[in-house]
Each structure stands twice: as C-alpha cells, then as structure tokens.
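The values are calculated or read from the model by the stated rules, or taken from the named source; none is laboratory data. Predicted, not measured: the structure shown is a model, and the values here were computed from it. For neighbour counting, all protein chains shown are included, and Cβ atoms are generated from backbone atoms with ideal geometry for every residue, glycine included. Calculation scope for accessible area: heavy atoms of the full protein, side chains included, ligands and nucleic acids excluded. Shrake-Rupley method; radii C 1.70, N 1.55, O 1.52, S 1.80 Å.
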Amino acid sequence: SAVISQKPSRDICQRGTSLTIQCQVDSQVTMMFWYRQQPGQSLTLIATANQGSEATYESGFVIDKFPISRPNLTFSTLTVSNMSPEDSSIYLCSVEVGTGAQYFGPGTRLTVL
Amino acid sequence: KQEVTQIPAALSVPEGENLVLNCSFTDSAIYNLQWFRQDPGKGLTSLLLIQSSQREQTSGRLNASLDKSSGRSTLYIAASQPGDSATYLCAVQGNTPLVFGKGTRLSVIA
C-alpha cells in the first residue's frame, strides 16, 4: 500500500487566480495520477505524471490550464491556472503500486468564487 | 471506449442487513477491477482489488466477485453497520487508465 498526503486540504480562491496542490507519497513510485471530481460526479483523470518526463494529459485537459511537476519519485504538484467557478472540484492524486492497485490521497476541495 | 455502470445509484438499508452492490463494464479486456469507498468530501479508500485472473476477493465483511466474460462485478457487504454509510465506487483498469463508475451511495440506518 501507499500513504499519500495532499496540501492544501481545501481552499477558497478568487476567479482568475492560480492554486498549486502538492502530493507527497511515503514511498518511491513510478506513476502518479491527478484526478478531478466535480460536484456529484465520479472521478475524471486529468493527467499521468512520470518522473523525468512531461505529463500525459487526457482529452479535454491541457498543460496551460493544469501544469504538473514531478521533480522526484515521491512528490508531484498540480496547478489549476486562471481559475473560474467551473474549476470548483475535489482534486485527488493517486499512485499505482505492486499488483496494479491504486491508492488515493485525501483530496483538495477547491471552491472558486 | 470503456464504460462502467453502477446499480443502484443509491441504497438505504436497516442495520444488520446483507447487501449487494453491482458494477458492470462494457469492455471485458481488463487487467483488474478495484472497489473503493468514499466518505463525503473525502478521498478514496481502496477496499478490494481483483485481478482479471481471479474470481473473488474477501476482506472482513466484504466480498467482491468478478465475472470478466460477462462484464460484471458485485460487492457483497455482510451484516451492514451505520459506519458502512458512504459512496462505493468501482473502477476498471485496462489498456486505458482507471475508468470509474458513478458510484452507489449507501445509507445504513441504525
């Protein structure tokens, strides 16, 4: 298994600003994932972050809006840029370990006014 | 494109009842299926992982089965408790990243 922490746990931001979310894992992992969960919806994958290479974004998500860093095997950041109220969601990071199980962080609840 | 459906969307049961949550998926070419629990406003807790070669997995009062050929999985919860109240999500892993269902919102009434 893996223990994952995220910062901040929640934030309220103004339209047009940016927020960087941090994800820390207690062990070295190759692949880290960033998800968005909009109110009342299930999870949607934003991007996959591998250490030492550019993140791979899913359809509908672009690097300019959601830049990702992956400086080492235990840490990643996701920035939500130029925010609008439609970006209000829970943002979660996850990692894949061992036999393919994914473990998730506690999430960051973002509200954009 | 893989699609995951969970039925029912919501379920309310009295404490002590045994219950079954259903998950179906359209593409049977999967590597594994995972069940998660999510409490309101929180992250996901991994409950059970079933590899494509397995038929079931058990953890305490939870039992998950997988019928890959028919594209179905069930999560059986025995002797339900109020603390089991949460949203249960299933997700499948194939050649694409994890695809999630919309979840079943479970309420166990004391």
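Kindly indicate whether B:Gly41 is open to solvent by less than 50 Å² (accessible area, probe 1.4 Å), at pLDDT 95 or above and among the small types (Gly, Ala, Ser). Taking the combined requirement at face value, the residue does not satisfy it.
Is it the case that region A:82-89 has a residue that's within 14 Å of another protein chain (Cβ to nearest Cβ) and crowded, with 16+ Cβ neighbours inside 10 Å? Yes, there is a match, as at least one residue in region A:82-89 is within 14 Å of another protein chain (Cβ to nearest Cβ) and crowded, with 16+ Cβ neighbours inside 10 Å. Please specify each residue of region B:12-38 satisfying the condition of being away from every other protein chain (no Cβ under 11 Å) and modelled with pLDDT under 95. Hits for region B:12-38 are B:Asp27, B:Ser28, B:Ala29.
For region B:76-83, the criterion of being at positive phi, open to solvent by less than 60 Å² (accessible area, probe 1.4 Å) and more than 10 Å from chain A (Cβ to nearest Cβ) is met by at least one residue. If the condition is being open to solvent by less than 20 Å² (accessible area, probe 1.4 Å) and facing chain B (nearest Cβ under 10 Å), then region A:92-103 contributes A:Leu92, A:Cys93, A:Ser94, A:Gly100, A:Ala101, A:Gln102.
Within region B:1-34, the residues that satisfy the criterion of being of a type in the set (A, V, I, L, M) and open to solvent by less than 40 Å² (accessible area, probe 1.4 Å) are B:Val4, B:Val13, B:Leu19, B:Leu21, B:Ile30, B:Leu33.
If you scan region A:9-52, which residues turn out to be within 14 Å of the chain's Cα centre (by Cα) and aliphatic (A, V, I, L, M)? A:Leu19, A:Ile21, A:Val25, A:Met31, A:Met32, A:Leu43, A:Leu45, A:Ile46, A:Ala47, A:Ala49 - these are the residues of region A:9-52 that are within 14 Å of the chain's Cα centre (by Cα) and aliphatic (A, V, I, L, M). The single condition from (1) free of Cβ contacts under 8 Å to residues at least 40 places away in the same chain; (2) within 14 Å of another protein chain (Cβ to nearest Cβ); (3) in a strand (DSSP E or B) that B:Thr58 fails is (2). Only one of these conditions is not met by A:Val62: (1) under 15 Å from the mean Cα position of the chain (by Cα); (2) closer than 30 Å to B:Gln54 by Cα; (3) open to solvent by 30 Å² or more (accessible area, probe 1.4 Å); (4) more than 10 Å from every other protein chain (Cβ to nearest Cβ). Which number is it? The number of the failed condition is (2).
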